[in-house]
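Working notes, structure below.
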C-alpha cells in the first residue's frame, strides 16, 4: 500500500512515514558514531597500526563521497530511493559484521579493516544520496524546513549519544564486539525504511542514456539556478575552511593548550548541544528575520567564534570560553545548514533531487582532503596556531559569497518549482571556482555531517 504525503499543517510527529524515516536515520547516525569511536581504537590498540596506516584507514572511508557522489546521485534519481537505502544498509551491515567475526577467530587484519572501510564508504554514499533526496517525498514542501530542523536536532543528539555509548562499550566489551552495535543500527534502519509507504515518484529513464550524460545534467541544473549555485558554493567554501580547523583542532587543544582527554570529550559533548539548538531554532529564526539575513548572520558569527581559540592559553577559564564559542559555532552551523538544505530541496524538481544533492556532496567532500593537506603544510611550515588562523580567515569566504547574492535579502522560504508565485531577479552573477570554493554549513568540529 502506498500513500501521498500528509497536507501542510499536519504535525510531522503524526506522520508515520516521517517518523519511520527519522527513526531509521537517527539509529544509523548513532551507529556510525559508535564505529567512529571504536574502529580507530581497534586499529591502534588491537592491531598496532602505525600513524600512516591509521591515516590510510581514514582516507579510505572519506574518498568515496568525493569520487562517487555524482554517480550515486544519478542512481538515486533513476531507481526507487527506499530500495537503494535498504540495499546499502544491508551491504554495510554485512561488511561490518565481518570484523567482530574475524576478531573472534583471530583472523582480523588491517587489510580487512581497510577493505571494510572502503566498502562501507561506498555504500554510505549511495545511501545518503537516496536518503536526503527522499525527504521531500515524505512531507509537504511547506513543511520541509520543519522536517530538516527535527532531523538536525535528533542527528546531533544521536551523534553525541553514539560516541559516548561507543566509548563505554569499547571499555566494557572491547572495540571489535562494540562494532556489532553499528550492525544493529543498520538493521533498524532497514526495518524502518521498509515500512515507509509513501508513493515515490521515479522518472522514466530514456533507454541508452549514459550515466555521464545524467551527471552533466545535474551539474548544469545546479549551475543554472542561482539559488542552488550560491548555496552549493557556500557549502564548499565552508567545508574547506573548517577542514583546516578540524585537522589541527584536537592536536592544538590537547598539546598546545594542555587540555585533558576528559575535558576534550566534555567539550565535544557540550558543543553538540549547540548544533541541536541551532537546528531546532532555525524555522523560528527564519520566520522572524528571513532565511537570507539569518544565514548571513550565522556565517558572519562563525569566523568570530574562532577568536577565543586563537587567543587562548592553558587553563580552565579558557577551556570554558572555548566551549561557549564552540556551542555558538555549532548553533550557527545547525541553523544555517538546516535552512540552506531546505531551500535547495524546495526549489529542486523531484527528478533532480539526488543529483542536486550529489553536486554539493562531491564538492564539499573534495574540499576536505585539500583543506587537510593545506593545514598540514602550513602547520609544519609556520606552526599550528598560524594554520588555525588561516582556516578562520577562510571562513569569511562563504559569508562574502552569500553577501554578494540576492539570497542575502530573502525574507521568506521559496515556493516549489511549479508555483507561479515564485519570482526571482533575472540578473545574477553566478560565482565561479576562481572566486570561491565550497563547504557545508552543517560541518562541525569533529567532521560530517551529511
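Only residues that are over 16 Å from residue 235 (Cβ atoms) and at pLDDT 95 or above were counted in the range 394-435, giving 0. Where helices (runs of 4 or more DSSP H) fall wholly inside the range 190-307, the ranges with 2 or more residues that are in contact with a strand residue (DSSP E or B) (Cβ under 9 Å, 6 or more places away or on another chain) and under 22 Å from residue 36 (Cβ atoms) are 226-251.
The listed residues are 160, 98, and the only one of them that is part of a helix (DSSP H, G or I) and free of Cβ contacts under 8 Å to residues at least 60 places away in the same chain turns out to be 98.
When we screen 94, 121 for residues that are in contact with a helix residue (DSSP H, G or I) (Cβ under 8 Å, 6 or more places away or on another chain) and either surrounded by fewer than 21 Cβ atoms within 10 Å (Cβ to Cβ) or closer than 24 Å to residue 184 by Cβ (or both), the only hit is 121. The combined condition, being assigned by TED's automatic domain parsing to the domain that holds residue 339 and at pLDDT 85 or above, is not fulfilled by residue 250. A single entry from 133, 88 fulfils the requirement of being modelled with pLDDT of 85 or more, part of a helix (DSSP H, G or I) and closer than 19 Å to residue 218 by Cα: 133. Scanning the range 185-203 for residues that are out of contact with any helix residue (DSSP H, G or I) (no Cβ under 7 Å at 6 or more places or on another chain) and closer than 11 Å to residue 96 by Cα yields a count of 0. Is the range 54-67 home to any residue that is farther than 29 Å from residue 215 by Cα, assigned to a helix (DSSP H, G or I) and assigned by TED's automatic domain parsing to the domain that holds residue 187? There is at least one residue in the range 54-67 that is farther than 29 Å from residue 215 by Cα, assigned to a helix (DSSP H, G or I) and assigned by TED's automatic domain parsing to the domain that holds residue 187.
Quick grid of which residues meet (1) out of contact with any helix residue (DSSP H, G or I) (no Cβ under 7 Å at 6 or more places or on another chain); (2) free of Cβ contacts under 8 Å to residues at least 40 places away in the same chain; (3) over 19 Å from residue 181 (Cα atoms); (4) outside the structural domain of residue 40 (by TED's automatic domain parsing):
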position	(1), (2), (3), (4)
79	yes, no, yes, no
82	no, no, yes, no
86	no, no, no, no
115	yes, yes, yes, no
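Residues of the range 11-46 that are in a loop (DSSP other than H, G, I, E, B) and buried (at least 19 other Cβ atoms within 10 Å of the Cβ): 15 alone.
The values are calculated or read from the model by the stated rules, or taken from the named source; none is laboratory data. Please read these numbers as outputs of a predicted model, since none were measured by experiment. Heads up, the Cβs are rebuilt from the backbone with ideal geometry, glycines too, and the neighbour counts pull from every protein chain shown.
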